[in-house]
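Structure first, commentary second.
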Protein chains: 2
Amino acid sequence: MEMPSHIIPYLQDVEAIMEGELAKEDGRVYGMLIPFLKRGGKRIRPILAIASCGAVGGDRKAVIEPASVIELFHNFTLIHDDIEDDSRFRRGEPTLQITHGIPIALNSGDALYTLLWKKLISIKMPPARLVRMQALYADAFKRVVDGQGLELSWIKEGRFDVSEEEYLQMIGGKTSALMGLSCEIGALIGGGTRREQKAMRGFGESVGTAFQIQDDVLNVSGQFEKYKKEIGGDISEGKRTLMVVHCLAHASAQEKERLITILSTHSRDPKDINEAIAYLKKHGSVEYARDRAISLVGKAKSLLKGLPDSEDKAALLSIADYIVNREK
Amino acid sequence: MEMPSHIIPYLQDVEAIMEGELAKEDGRVYGMLIPFLKRGGKRIRPILAIASCGAVGGDRKAVIEPASVIELFHNFTLIHDDIEDDSRFRRGEPTLQITHGIPIALNSGDALYTLLWKKLISIKMPPARLVRMQALYADAFKRVVDGQGLELSWIKEGRFDVSEEEYLQMIGGKTSALMGLSCEIGALIGGGTRREQKAMRGFGESVGTAFQIQDDVLNVSGQFEKYKKEIGGDISEGKRTLMVVHCLAHASAQEKERLITILSTHSRDPKDINEAIAYLKKHGSVEYARDRAISLVGKAKSLLKGLPDSEDKAALLSIADYIVNREK
């Protein structure tokens, strides 16, 4: 994504706040989090919050602290998800449990989660408004953790009869909730009407769902050099992606059996992984997922129709397009 | 501890709230937390909060929700600490990562932590007061997580030159912070003066430190039937307890080398564990720790002098005595 240039200084402020918060703390407990955060990532959530704030005519500066809390939460979930999913790479480098061991990686996630609540509580605004805003954060955080828990339960129980609806509910938590929160908080802090806040949340949720579907697609068809995570990692982790759900519904009994075997044995053998990916391609599951993501982005963009034209609205529309065109 | 009978109905309400919150949620993500909570535990933190509220003349009912949040947090830390410490038993039963695997145990801890924040935010009180109270919770939570992180960093870095002061700082976070919070919140909700709130916090912190020292003592000299955790587990985990710190400062060079070897190899061999415990006993380290705990309890009790006599004050004094006399 070509970063909208007017967003850059605000995003730099978000990064400075995040690093500043961590730098104040005991290096033995928080030290590993600074380089982890500095690995970057796309920063889509704070960008969404900043642009959403601007798009309703708000002062983008006001959303910097609330946006940094969201990005810190996102990073917390990456650390714990990488442990839970036994992932080896994150943003092109070894995951934190690989470099520091599970105990310290786990605790550093808890430390980050605690720190971001402390930060959220301390945001300067009228207390009644702050408490209402906290509830939005808590609801979104809960959906994220619940979505992850749901996915883990499917893997644990060996469930392969997950429906498309169930898949969408799961990623609705895992990914959409936090992007929806980013846009809603942007509109709320920016002084948008209730109607605008709702439209922005809808935009963020749809874009988030599309983002996750595209992420799943890249995981099986992307290039490591760009994607910076293990290609086929989702197969090894036995994940029920939209492509897997679609493929299981369309494959022959024999293919279905093989796919389930590969997914449930958590194979890391490239031969197995390539075989699984071949089934997804053969049955048009990758294309199907791409089409769903593209249609979700169209739906998201239509929700912005009521907003006056602005560089922030243009930024949001270009983020939406980027979501389904990205290669990393 | 003989539970003070006037506390029982309030504690039952705390348990009902905790279980009710979990029962409302998706069983696939929260289901395992209900039996985990039902294993019991001593419930010292909510008991402290209830008695502290009563001791300043407050309505004990008002502290039930705030106390349940503290006990939920305590249970969250147990789940994650057990993963980090590779502990196998908790309250006489296998730890959650043994029964459900690390991924689900880890996520269920995150789910619990998120749920308790949601609960804390929703407590009915004037928003300005609620935000001030949230800050007390966040500070205590942070000390707990930081204390655990500090201990993990010592183990990771192979540090055996931990001083008594550093040890006290570490458990000051890990254990004292939450007991201090329990008492302070009790006094705050009970309408105690600022001076009473401060005295109650001091009481809780000292009692908490004594509690952790006694816990370390029981870990090497208790009986599994009563203690319900692995005897010598702290030795296998390589923990720097007050006894270990004391012993390393008093043992011969040869004994010191052996003790460090046993601790740093994380041996589970009963022969090694018994050898390590023998050094602690030989150098009076167990007695030394016991004396420190007893003196902390004396200090804690003296902080209650300013409070009028009541059944709640009596309960607090008896909890303090129980801390150092308990066998589980």
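The values are calculated or read from the model by the stated rules, or taken from the named source; none is laboratory data. These numbers come from a predicted model, not from an experiment. Glycine gets a Cβ as well: all are built from the backbone with ideal geometry, and neighbour counts include every protein chain shown. Just so you know, the surface numbers come from the protein's heavy atoms only, side chains and all, with ligands and any DNA or RNA stripped out. Shrake-Rupley method; radii C 1.70, N 1.55, O 1.52, S 1.80 Å.
I'd like the accessible area for B:Lys271, computed on protein heavy atoms only with a 1.4 Å probe and all protein chains in place. Round to 10 Å², please.
About 150 Å², ignoring ligands and nucleic acids.
Debye calculation, C-alpha points only, no solvent: report log10 I(q)/I(0) for chain B at q = 0.13, 0.15 Å⁻¹, in the same order as the q values.
Treating every Cα as an identical point scatterer, log10 I(q)/I(0) equals -0.97, -1.26.
Stick to Cα atoms and the Kirkwood definition of Rh, then tell me Rg/Rh for the stretch B:193-326.
1.09
Using the alpha-carbon centroid of each, what span in Å lies between the stretch A:90-131 and the stretch A:183-199?
25
On C-alpha positions alone, give me the angle between the axis of helix B:194-221 and the longest principal axis of chain B, in degrees, nearest 10.
Between helix and principal axis, roughly 30 degrees.
Using a/c under 1.5 as the rounded threshold, could you call the stretch B:79-208 rounded, prolate or oblate? The axes a ≥ b ≥ c are square roots of the C-alpha gyration tensor eigenvalues, and prolate needs a/b larger than b/c, oblate otherwise.
Oblate, because a/c is 1.5 or more while a/b does not exceed b/c.
If each label sits 7 angstrom from Cα along the C-beta direction, how far apart, in nm, is A:Arg91 from its counterparts in the other copies?
3.8
Nearest 10 degrees, 0 to 90: what angle lies between the long axis of helix A:253-264 and the longest principal axis of chain A (Cα atoms)?
Rounded to the nearest ten degrees, it is 50.
Among the chymotrypsin sites (Phe, Trp or Tyr not before Pro) in the stretch B:198-287, which ones are in a DSSP loop with at most 16 other Cβ atoms within 10 Å of the Cβ? Mind listing them? All intermediate terms of the calculation are to be shown ahead of the outcome.
Working: sites: B:Phe203, B:Phe211, B:Phe224, B:Tyr227, B:Tyr279; in loops: none.
Sites meeting the loop and neighbour criteria: none at all.
Rounded to the nearest 10 degrees, what's the angle between the helix A:8-23 long axis and the longest principal axis of chain A, both from Cα atoms, 0 to 90?
Approximately 80 degrees, to the nearest ten.
Give the nm distances, rounded to one decimal, from B:Lys301 to the matching residue in every other copy, measuring between label points 7 Å along Cα toward the beta carbon; shortest first.
The projected label point of B:Lys301 is separated from its counterparts by 7.5 nm.
Using only DSSP helix segments of four residues or longer, with each worth -39500 (n - 2.57), what per-residue ellipticity at 222 nm results for the protein assembly as shown after dividing by its residue count and rounding to 500?
Estimated from H runs of four or more residues: -23000 deg cm²/dmol.
Averaging sequence separations of C-alpha pairs under 8 Å and six or more residues apart, then dividing by the length of chain A, give the relative contact order as a whole percent.
20
Could you give the spread of the C-alpha atoms of the stretch B:228-282 along their three principal axes, from largest to smallest, in whole angstroms?
Each principal axis gives a Cα extent; for the stretch B:228-282 these are 31, 18, 17 Å.
How far is A:Ala253 from the same spot in each other copy, in nm, shortest first, if each label point sits 7 Å from Cα toward Cβ?
Result for A:Ala253, in nm, nearest copy first: 7.7.
Charges on Cβ only, +1 for Lys and Arg, -1 for Asp and Glu, centred on the Cα centroid of the protein assembly as shown; of A:Gly27, A:Val162, B:Gly92, which one is farthest towards the dipole's positive end?
A:Gly27
Which Cβ of chain B lies nearest the axis of the rotation superposing B onto A, and at what whole-Å distance?
Whole-Å result, nearest residue of chain B to the axis: B:Pro127, 2.
For A:Ser122, what accessible surface area do you get with a 1.4 Å probe? Give it in Å², rounded to 10.
Only protein atoms counted, so the area is about 60 Å².
Could you quote the convex hull projected area for the protein assembly as shown, Cα atoms only and averaged over all directions, in nm²?
29.0
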